[in-house]
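The values are calculated or read from the model by the stated rules, or taken from the named source; none is laboratory data. All of these numbers come straight from a predicted model, not from anything done at the bench. Cβ placement follows ideal geometry from the backbone for every residue including glycine, while neighbour counts extend to all protein chains displayed. The accessibility values were calculated without ligands, DNA or RNA, using every heavy atom of the protein model including side chains. Shrake-Rupley method; radii C 1.70, N 1.55, O 1.52, S 1.80 Å.
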Amino acid sequence: MQTKLNSVDFERLNAYMKKAEERSEHFIGYPIARDFDYSELYPLLKLPLNNVGDPQVESTYDLNSRSLEQEVLQFFAQLFNAPENNWWGYVTNGGSEGNLYGLYVARELYPNGIVYYSESTHYSVQKNIQLLNLRSIVISTEENGEMDYNDLKQMIQMHRDQPVIILANIGTTMTEAKDDLIEIKKILRQLAVKNHYIHCDAALAGTYSAVLDLKPGFDFTCGSDSLAISGHKFIGSPIPCGLVLVKKNYKERIGRSIPYIGTVDTTITGSRNGHSPVFLWYAIKKMGIDGLRQRALESLEVAAYAVEKLNEMGISAWRNPSALTVVFPQPSLKLCLKWQIATENGQSHIICMPGITRKKIDEFVSDLVTEMELVV
Ligand SMILES: *Cc1c(COP(=O)(O)O)cnc(C)c1O
């Protein structure tokens, strides 16, 4: 391999790196923690780590981080109260892959099942449902983004002869609304639905909700059959990643032994990132439950501060209970681009993930105020 970039390409790379630095200074619209420091792990970037196949079955591809991945899985299995000796999971490329896996397991159990998910659900779920060729019904939502349980009940009632697969949101993308498993299970009971499966999309809020033990709960003791989280959101990682956990007896319908990799092909992708499990391992070891809890509390305070600041300026900002997502009417396109703020149906949000400071909120609010003054 050529040892050096030519000067044009060197300039090009430098310009890109500068731009990325600048963009990272104005990054409050997506749920991505920014307070991580993985520099101790940089030597690993020299190695082609690959966790191909099942994390619990050793592979002849021995240049992997399986042993650390298993500790990460153990940590989250405990956090989400997975049934002892009856859980399985792996570190994914992100929440979307975890949701795909959960729905895949559900389909293997209930090939005729119908997936019920709310209209506030992440866009990737619909694609996953299509990929799996599952039937589905979209449920309407309340103003705050939470599933309308009356609509859910009616829809299930109309299809009582089919197994029910619930895709519950533990923090919707736009407003961080949480579907209530207690309400959902009540409906399943009232309608005497015997064959059902609940997958929780906890990509956004799963980790901090569990660490803070927020109610209503959504873990395995609360009725989840599987759940997915993102690792690069609240925990933080330079590479997108996530984690899926399922009940082991369900998952055993999936996966075959592949002599070439000397392990079992139980995951969605073939090669799997071997670095991201190390990032996750490092983060949870460094912070521990107490550190994660403290970090979550600090972020909640920043979110409360953001709502207060915006309200003071006459902007009707609000957030769901214990949410890091602050919702407000869409500002100008210019501001949305500058601060990388996602907008849907006239609603925008900032997400006060770890690393977003009061100072950053002040900067943003000051931009907003300047804009309002220009309009007046
Ligand atoms: C981010 C997110 C996803 C997708 O997760 P990725 O890690 O981006 O694949 C799914 N659902 C919700 C609610 C999310 O916030």
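Looking only at the stretch 176-200, residues that are within 12 Å of Met147 (Cβ to Cβ) and not hydrophobic (A, V, I, L, M, F, W, C) come to 4 in all.
Considering (1) open to solvent by 50 Å² or more (accessible area, probe 1.4 Å); (2) among the hydroxyl-bearing types (Ser, Thr, Tyr); (3) more than 13 Å from the ligand (Cβ to nearest atom), the lone condition that Tyr110 does not fulfil carries the number (1).
Evaluating Val57 against the criteria (1) of a type outside the set (Ser, Thr, Tyr); (2) open to solvent by less than 30 Å² (accessible area, probe 1.4 Å); (3) touching a strand residue (DSSP E or B) at 6+ places or on another chain (Cβ under 7 Å) leaves one unmet condition, (2).
When you look at Ser224, is it within 16 Å of the ligand (Cβ to nearest atom), over 16 Å from His122 (Cα atoms) and part of a loop (DSSP other than H, G, I, E, B), yes or no? It is true that Ser224 is within 16 Å of the ligand (Cβ to nearest atom), over 16 Å from His122 (Cα atoms) and part of a loop (DSSP other than H, G, I, E, B). Would you confirm whether or not the stretch 6-24 contains a residue that is in contact with a helix residue (DSSP H, G or I) (Cβ under 9 Å, 6 or more places away or on another chain) and in a loop (DSSP other than H, G, I, E, B)? The answer is no, given that none of the residues of the stretch 6-24 is in contact with a helix residue (DSSP H, G or I) (Cβ under 9 Å, 6 or more places away or on another chain) and in a loop (DSSP other than H, G, I, E, B).
In the set Lys286, Lys338, which member is open to solvent by 70 Å² or more (accessible area, probe 1.4 Å) and closer than 24 Å to Leu68 by Cβ? Quick ask: steps written out before the conclusion?
On the way: Lys338 fails: closer than 24 Å to Leu68 by Cβ.
When all the criteria are applied, what remains is Lys286.
Go through (1) surrounded by 17 or more Cβ atoms within 10 Å (Cβ to Cβ); (2) within 16 Å of the ligand (Cβ to nearest atom); (3) closer than 21 Å to Thr357 by Cα and name the single condition Phe328 misses. All conditions pass for Phe328, except number (2).
A quick yes/no check of all residues on (1) free of Cβ contacts under 8 Å to residues at least 40 places away in the same chain; (2) closer than 26 Å to Ala323 by Cα; (3) out of contact with any Cys (no Cβ under 6 Å at 6 or more places or on another chain):
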{"residue": "Lys127", "(1), (2), (3)": "yes, no, yes"}
{"residue": "Ile139", "(1), (2), (3)": "yes, yes, yes"}
{"residue": "Asp161", "(1), (2), (3)": "yes, no, yes"}
{"residue": "Asp179", "(1), (2), (3)": "no, yes, yes"}
{"residue": "Lys186", "(1), (2), (3)": "yes, yes, yes"}
{"residue": "Ala192", "(1), (2), (3)": "yes, no, yes"}
{"residue": "Gly206", "(1), (2), (3)": "no, yes, yes"}
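The set of residues from the stretch 227-246 being open to solvent by 30 Å² or more (accessible area, probe 1.4 Å), in contact (Cβ under 8 Å) with a residue 60 or more places away in the chain and assigned to a loop (DSSP other than H, G, I, E, B) comprises Pro238, Pro240.
Any chance the stretch 165-172 includes a residue that's away from the ligand (no atom under 16 Å from the Cβ), closer than 16 Å to Pro216 by Cβ, at pLDDT 95 or above and not basic (Lys, Arg)? No, the conditions are met nowhere in the stretch 165-172.
Filtered by the rule that a residue be part of a helix (DSSP H, G or I), under 18 Å from Asp265 (Cα atoms) and among the charged types (D, E, K, R), the stretch 47-77 gives Arg66, Glu69.
Consider Glu119 carefully, then state whether it is in the same structural domain as Pro277 (by TED's automatic domain parsing), acidic (Asp, Glu), modelled with pLDDT of 95 or more and closer than 18 Å to Ser276 by Cα. Talk me through it step by step, then tell me what you get.
Details: in the same structural domain as Pro277 (by TED's automatic domain parsing): yes; acidic (Asp, Glu): yes; modelled with pLDDT of 95 or more: yes; closer than 18 Å to Ser276 by Cα: no.
In short, no.
Every residue in the stretch 184-237 that is on the phi > 0 side of the Ramachandran plot and under 13 Å from the mean Cα position of the chain (by Cα), please. Across the stretch 184-237, the qualifying residue is only Gly236.
Among the residues of the stretch 299-315, how many are open to solvent by 80 Å² or more (accessible area, probe 1.4 Å) and either within 26 Å of Ile170 (Cβ to Cβ) or touching a residue at least 12 places away in the same chain (Cβ under 8 Å) (or both)? Give the steps one after another, and end with the answer.
Let us first name the residues in the stretch 299-315 that are open to solvent by 80 Å² or more (accessible area, probe 1.4 Å), namely 301, 308, 312.
With the extra rule that they be either within 26 Å of Ile170 (Cβ to Cβ) or touching a residue at least 12 places away in the same chain (Cβ under 8 Å) (or both), the set shrinks to 301, 308.
Final tally of qualifying residues: 2.
Residues of the stretch 78-100 that are away from the ligand (no atom under 14 Å from the Cβ), assigned to a loop (DSSP other than H, G, I, E, B) and not small (Gly, Ala, Ser): Phe80, Asn81, Pro83, Glu84, Asn85, Asn86. For the condition more than 16 Å from the ligand (Cβ to nearest atom), under 18 Å from the mean Cα position of the chain (by Cα) and outside any loop (DSSP other than H, G, I, E, B), what is the one hit in Leu292, Leu280? Among Leu292, Leu280, only Leu292 is more than 16 Å from the ligand (Cβ to nearest atom), under 18 Å from the mean Cα position of the chain (by Cα) and outside any loop (DSSP other than H, G, I, E, B). Give the stretch 208-217 a look and list any residue that's out of contact with any strand residue (DSSP E or B) (no Cβ under 7 Å at 6 or more places or on another chain) and either open to solvent by less than 10 Å² (accessible area, probe 1.4 Å) or in contact (Cβ under 8 Å) with a residue 60 or more places away in the chain (or both), or say none. Across the stretch 208-217, the qualifying residues are Tyr208, Ala210, Val211, Leu212, Leu214.
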